[in-house]
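Data first, discussion second: the structure below is written as structure tokens.
Every number here is computed from the coordinates shown, using simple stated rules; none is lab data. Computed from a predicted model, the values in this text were never measured in an experiment. All Cβ positions, glycine included, derive from the backbone under ideal geometry; neighbour counts span all protein chains shown.
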């Protein structure tokens, strides 16, 4: 395994969030009764013609701008010809030689903690195309049904260079891309409904070898977990094949989540000749500077730009910045917390959002937008930690109280429940003296060299203070008294 | 009334000398009597036609009628019309009732208030020059019923020539309006590509197909064209231009030289070998007539015109092979009664549903688009196409309109060329280049050879339809070739 290098390229089909289809006026809404959202154009009746939906082009331009790519001034729609019952025209309108988006790159964080590193994945191209319908093989008494609701749904196919070197990098890329397309509002990212699906081109080669190995393409992976499992299995399989003296044949394979294995769908020999040629029903797509400028003006601050600001201005780590820019909702929440707690408290704000809040939301299965604790409430809470009104431990209580609606603000909860920290050194000293007097045994143990006994004494003081004593002051006073 | 011009019919209807129902009935009765022999119509629906006629009469009575409201016309069966069987001359669509109107049909039935008499026979999917590839049998030429009417708009041509309809729609991919017009002594116009919407016009070769009028005169064509044109947002290749009145230049003109200053370009490639001598004589006589009307002639050259037939027979089949993929037996149209698996269903349905000429062109088209052949055939043909278009650009620097024969021969005998596709393809040798360049072209009657009509082709610059119609109209004012009628049809 160690002498092998894995090479992965990914093709992603992102369904564009347009109201109507890419070449017709029919609705793209998911889940309607079969064939109720297919008009004459989608059904490919004789004589119908496609008309390009400019909103789909807007999406492609948004994407191109957000990855620093070239938006092609001229791109061409081509017909990809093949017969299949859910492909009504007998060809798919796609783009071949001249795609709408060329180049660009995506910067992502791979792994976490000390092992985290930054990775740049180059994009080859992104092109517009239409989706096919669906074949339904159940419940038709031996026949197949066709649902053409999805036929003509706009897709952006996003293709990377073979830049990824592990399944972790592949997943990190897919997650970053998934975050980006949702961020810029061109795709709802719903993987169960097929709005975002990946094909992984996987090959292996001996480390140090310049040429790529023969690749196999794993089709239609609709979850990050399947993406990882499929690649891991495929890599393992390919290495095993080569080590046993067999050659890898170029092929398209399918991943079976039940067995965790990939199986060959077709090899290069029986690959289709799609007979691509420019679609004579559609003029070349011309995108002028004006169109690009308009879209540029509509773009939100991009995750990359936000990440940079979070590290440079707020002093967050690259990992924290990446986590907090995973989606626009998280970033917006975090920024609202910082707006209340102040930029100087950005790090605790990040921790509260990423750790405490995230864990609580996760436990209840809630989205950031559904959080019972508002960003303003959390910011107010963090302010009270920062000014020593409460300790971190008490803060967790206050957070829980806010979560349960026991107060409108952290201050109200602290006040109502008497949680204000004791910072009066006289009061703390009295408590310390009390505890020392009552726990002679612990004192003796500490003096005999048992460090643990100190913690027990701290605990006793905190208990006596009902948790409200400033922990640092308690520590300092205890140390002083015991040393004296 | 049967032989009246559209203008005369319009006046008669407006003056209430005849109602649209009476007029339509006149033609429907004539179709009933003569069509079994001529086979120009594949679908006639008296009830539907008369319902349209009644609506037109109501509109005339209410004073909301347009210039052609209530006038009956024939529609080539390539145009989808809601509720009408729309077959495109194929077994594949013999059972297809269109649920929607082509834009051209919607315009004619709607705003213009025309009455459709029925759907006319045609070569299967417009692939042919004799109307013999139709699933519904050949159409007979009213001038000689042993001969072809030309194609692919052969049914429309025969219908108008036999006065089963005062005018008809056609479509022209490589000459399919002009060649049958020439062979049946009609005036036919193929507009500039993009002037008439292709939405609902069943595609043969998308980059070449263009609908247009077929009628007895340039004036009738202009009136009918007025109802067909206009930007259509449902056709991405439709051109967004201000609407024109194509009768604009047809008014009275003083003097006996109405075409003074007109420069006629005569491409030397159209006046060489390959054309029947009698046809050529009629064409030359027509050009001499034009000189009498004030025009001057200049020789021009279209040096790449000999490449137009080969380039066309790469590009058109390539597009057709893809356009006809939708006829797969899955959603509508013909499906083989018995089949094993999915592939078998496709193969049997298409093998049984398409005729020989359509299959030949699908095979050619599939071949030229195949991996490894695409550059040598398809791309090369596209380069030739550009050269051909450039030839015209050059030629129009020294002339206003180009003239020559429409077809190298008069109507040939049924079956004469049916077994020899190359001979058949050469019928369109003078017309194809016009489609490749996207230019407007016309054919007008200019005499007879052996008792059969000869057509003169007029080719204009882009959007010069008005000029072409004027040039044709002045000739028709000075001559009566276009007014001659086949004596055998009473």
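Relative contact order, percent, of the range A:425-483 when contacts are C-alpha pairs under 8 Å separated by at least 6 residues?
Numbers: 37 pairs, mean separation 22.9, N = 59.
Rounded, it is 39 percent for the range A:425-483.
Dividing the convex hull volume of the alpha carbon atoms of the range A:179-324 by its residue count, what do you get in Å³ per residue?
Hull volume over Cα atoms, normalised by residue count, gives 229 Å³.
Label 7 Å along Cα→Cβ of residue A:466; the range A:387-431 residues with amide nitrogen under 13 Å?
Of the residues in the range A:387-431, A:414-422 have backbone N under 13 Å from the label point off residue A:466.
Let me check against my output: what whole-number percent is the relative contact order of chain A, with C-alpha pairs under 8 Å and at least 6 apart?
For chain A, the relative contact order is 14 percent.
Dividing the convex hull volume of the alpha carbon atoms of the protein assembly as shown by its residue count, what do you get in Å³ per residue?
Taking the convex hull of the Cα positions in the protein assembly as shown, it is 232 Å³ per residue.
Show me B:370-380, A:456-466 ranked by packing, highest mean number of other Cβ atoms within 10 Å first. Walk me through the intermediate numbers first.
Numbers: B:370-380: 14.5, A:456-466: 17.2.
Descending mean neighbour count gives A:456-466, B:370-380.
Could the peptides A:88-94, B:478-484, B:425-431, B:151-157 be put in order, highest first, of the mean number of other beta-carbon atoms found within 10 Å of their residues?
Put in order of decreasing packing, that is B:151-157, B:425-431, A:88-94, B:478-484.
State, as an integer percentage, the relative contact order of the range B:373-448 based on alpha-carbon contacts under 8 Å between residues 6 or more apart.
Relative contact order here is 39 percent.
Work out how much length residue B:423 to residue B:231 would gain on full extension: take 0.36 nm times their residue separation and subtract the Cα-Cα distance, in nm to one decimal.
Details: separation 192, 0.36 × 192 = 69.12 nm, distance 3.75 nm.
Full extension of this stretch gives 65.4 nm more.
Which value does Rg/Rh take for the range A:425-483 over its C-alpha atoms, Rh per Kirkwood?
Taking Rh as the inverse mean 1/r over Cα pairs, Rg/Rh reads 0.93.
What nm value, rounded to one decimal, do you get for the distance between residue A:294 and residue A:415 when each label is placed 7 Å out toward the C-beta?
5.3 nm
Per-residue Cβ counts within 10 Å, from other chains only, averaged over A:47-60: what number is that?
4
Please report the antiparallel percentage of the DSSP beta bridges confined to the protein assembly as shown, to the nearest 5.
Numbers: 87 of 105 bridges.
Rounded to the nearest five, the antiparallel share is 85 percent.
Based solely on C-alpha atoms, express the radius of gyration and the Dmax of the range B:339-410 in angstrom.
Considering the range B:339-410 through its Cα atoms, Rg and Dmax are 19.8, 63 Å.
Considering every pair of different Cα atoms, what Kirkwood radius, in Å, is found for the range B:17-75?
12.1 Å
If you take each beta carbon of peptide A:271-283 and count the beta carbons of other chains within 10 angstrom, what is the mean?
6
Taking the mean number of other Cβ atoms within 10 Å as a proxy for protection, how do you rank A:296-304, A:263-271 from highest to lowest? Show your work: numbers first, answer last.
On the way: A:296-304: 15.4, A:263-271: 10.9.
Descending packing order for the listed peptides: A:296-304, A:263-271.
Could you give me the percent of Cα pairs per 10 Å distance bin for chain A, shortest bin first, beginning at zero and ending with the bin that holds the maximum distance?
Spelled out per bin, shortest first, that is 4, 15, 21, 20, 15, 10, 8, 4, 2, 0.
P(r) for the range B:1-120, please, calculated from all Cα pair distances in 5 Å bins and given in %.
2, 12, 22, 23, 19, 13, 6, 2, 0
At a 10 Å Cβ-Cβ cut-off, how would you order B:386, B:30, A:62, fewest neighbours first?
B:386, B:30, A:62
Calculate how large, on average over all directions, the projected area of the Cα convex hull of the range A:379-484 is; give the answer in nm² to one decimal.
Result: 7.0 nm².
Using the alpha-carbon atoms, what tilt in degrees (0 to 90, nearest 10) does helix A:224-243 show relative to the longest principal axis of chain A?
Roughly 70 degrees, rounded to the nearest 10.
Mean projection of the alpha-carbon convex hull of the range B:408-457 over all orientations, in nm²?
Its average projected convex-hull area is 4.0 nm².
Normalised radius of gyration for the range A:301-416, please: alpha carbon Rg relative to 2.2 N^0.38 Å, two decimal places.
1.02
On full extension of the chain, what length is gained from residue A:475 through residue A:241, given 0.36 nm per residue of separation minus the C-alpha to C-alpha distance? Could you put the intermediate results ahead of the total?
On the way: separation 234, 0.36 × 234 = 84.24 nm, distance 6.29 nm.
So the chain would gain 77.9 nm between residue A:475 and residue A:241.
Mind listing the Cα extents of the range A:4-291 along all three principal axes, in Å, largest one first?
56, 54, 34
Roughly what would the spin-label model give for residue A:272 and residue A:317, points 7 Å off Cα along C-beta, in nm?
So the two model labels end up 4.8 nm from each other.
Take the range B:298-377, drop everything but the C-alpha atoms, weight them equally and run the Debye formula without solvent; then report log10 I(q)/I(0) at 0.12, 0.13, 0.20 Å⁻¹ to two decimals.
One equal scatterer on each Cα of the range B:298-377 leads to -0.46, -0.52, -0.90.
Over the range A:182-267, one equal point on each Cα, no solvent: what is log10 I(q)/I(0) by the Debye formula at q = 0.17, 0.20, 0.24 Å⁻¹?
Log-scaled intensity ratios, in q order: -0.73, -0.91, -1.16.
Could I get the Rg over Rh figure for chain B? Both from C-alpha atoms, Rh via Kirkwood, rounded to two places. Please list the in-between numbers first.
Details: Rg = 21.2 Å, Rh = 22.3 Å.
Expressed as Rg/Rh, it is 0.95.
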